[in-house]
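Each reported figure results from applying straightforward, stated rules to the coordinates on display, with no laboratory input. Since we're looking at a predicted model, the values are computed, not measured. Heads up, the Cβs are rebuilt from the backbone with ideal geometry, glycines too, and the neighbour counts pull from every protein chain shown.
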Amino acid sequence: MPLTERQAIRIILAGIRRDPMALLPYGDDAAAIPLGSGAAVLKVDMLVRATDAPRGMTLRQMAMKAVTSTVSDLAAKGVRPMGFLISLALPRGITSSQVRELALGLDEAAGLYGAYILGGDVNEGPDLIIDCAALAWADPGRLTPRNGARPGDIIATTGPYGNPPAALRLVQEQLMVELPDPVVEGLKRILYEPRAHLEEGVALAGIASASIDSSDGLAWSLHEIARMSRVKAVLTEIPISPEAIQFAEKTGIDPLNLALYGGEEYNLIATINAARWAEALDRVEAAGGTLHKIGYIAEGRGVYLEEQGEVRMIEPRGWEHLRSR
């Protein structure tokens, strides 16, 4: 049977030596090592046009998404990027105007997050690949790992779910769905031009006990926090976007499935000690963001949904490369 992305990662992790000085666990959203009185935080993320760019996405938007994906993982650790290095694999036949469009998208996205493109590498490949590496600095005591959730913590997220997977079905499967133009535009905008919740992540640094970027899906991300923290995550509410609900009503798709298993939202999911919830809420609102309480952490293992007096298990599913869809 062909390997999936996560199986490949497990094989790689089993075959490499581990740095005993690492400040974040292997498999977290980013890596961190001591540097002087602080910590260097490192992150790399790759966009391959054939697998990561939905139908209709422009080169500028692809470049911006590559940077945003990288920043979103830094945001989950509570740190800001200082700069980016970009490696490009360009297919033969690409034009100068197309390369300029990529450069403009990279610079625009870096500027959105207060940093610069510092350099990189260009090579040839059969398809467009944008590999984005970011460097950040942090106070080691304020890094937010995936494995810090504790029983009694509140589970919170920085935004609603459902729009990107609904938009993906519209553009990839070219579904004919009668929806108002503003709804379609709203769905596509979040898919084509996602934004990292950087300010919210920085605001939660030193408060959140655990945090993860939700781009692989709400369900899978919660399973990662529960697995690495050795706890049980219980959802009591799932914020689903109004546009996703309208899409689900028109197509007969369960909106919960869109919200739980779709991915590409780039929200942050954080766990917060209940005694610090008001402080977390104030900090995120002061940063211009929102924080939705969606559940709690308990003793045990796995992820569950409490709904209308019943509790059901949530499967560990989400976006994954190398898996048949």
> Which of (1) under 13 Å from Thr157 (Cα atoms); (2) under 16 Å from the mean Cα position of the chain (by Cα); (3) not charged (D, E, K, R) is the odd one out, the single condition Trp277 does not satisfy?
Replying inline: (2)
> Would you pick out the residues in region 174-198 that are farther than 25 Å from Asp52 by Cα and either in contact with a Gly (Cβ under 9 Å, 6 or more places away or on another chain) or among the hydrophobic types (A, V, I, L, M, F, W, C) (or both)?
Replying inline: Leu179
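Yes or no, residue by residue, for (1) surrounded by 13 or more Cβ atoms within 10 Å (Cβ to Cβ); (2) small (Gly, Ala, Ser); (3) touching a Cys at 6+ places or on another chain (Cβ under 7 Å):
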{"position": "Ile272", "(1), (2), (3)": "yes, no, no"}
{"position": "Ala275", "(1), (2), (3)": "no, yes, no"}
{"position": "Glu285", "(1), (2), (3)": "yes, no, no"}
{"position": "Ile294", "(1), (2), (3)": "yes, no, no"}
{"position": "Gly300", "(1), (2), (3)": "yes, yes, no"}
{"position": "Tyr304", "(1), (2), (3)": "yes, no, no"}
{"position": "Gly309", "(1), (2), (3)": "no, yes, no"}
{"position": "Pro316", "(1), (2), (3)": "yes, no, no"}
{"position": "Trp319", "(1), (2), (3)": "yes, no, no"}
> Applying the selection to region 129-164, what residues are more than 17 Å from Leu268 (Cα to Cα) and crowded, with 21+ Cβ neighbours inside 10 Å?
Replying inline: Ile130, Cys132, Ala134, Ala136, Ala138
>> I need the strands (runs of 3 or more DSSP E) fully contained in region 224-325, keeping only those with at least 2 residues that are without any contact (Cβ under 8 Å) to a residue 12 or more places away in the chain and not hydrophobic (A, V, I, L, M, F, W, C).
In response: 310-313
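For residues in region 109-150 being among the charged types (D, E, K, R) and more than 19 Å from the chain's Cα centre (by Cα), which is farthest from Asp73 (Cα to Cα)?
Checked region 109-150; the qualifying residue farthest from Asp73 (Cα to Cα) is Glu124.
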> So, of the residues in region 281-303 that are over 21 Å from the mean Cα position of the chain (by Cα) and not basic (Lys, Arg), which turns out to be farthest from Ile154 (Cα to Cα)?
Replying inline: Ala286
> Failed condition for Asp19, given (1) in contact (Cβ under 8 Å) with a residue 40 or more places away in the chain; (2) acidic (Asp, Glu); (3) farther than 30 Å from Arg317 by Cβ, with all others met?
Replying inline: (1)
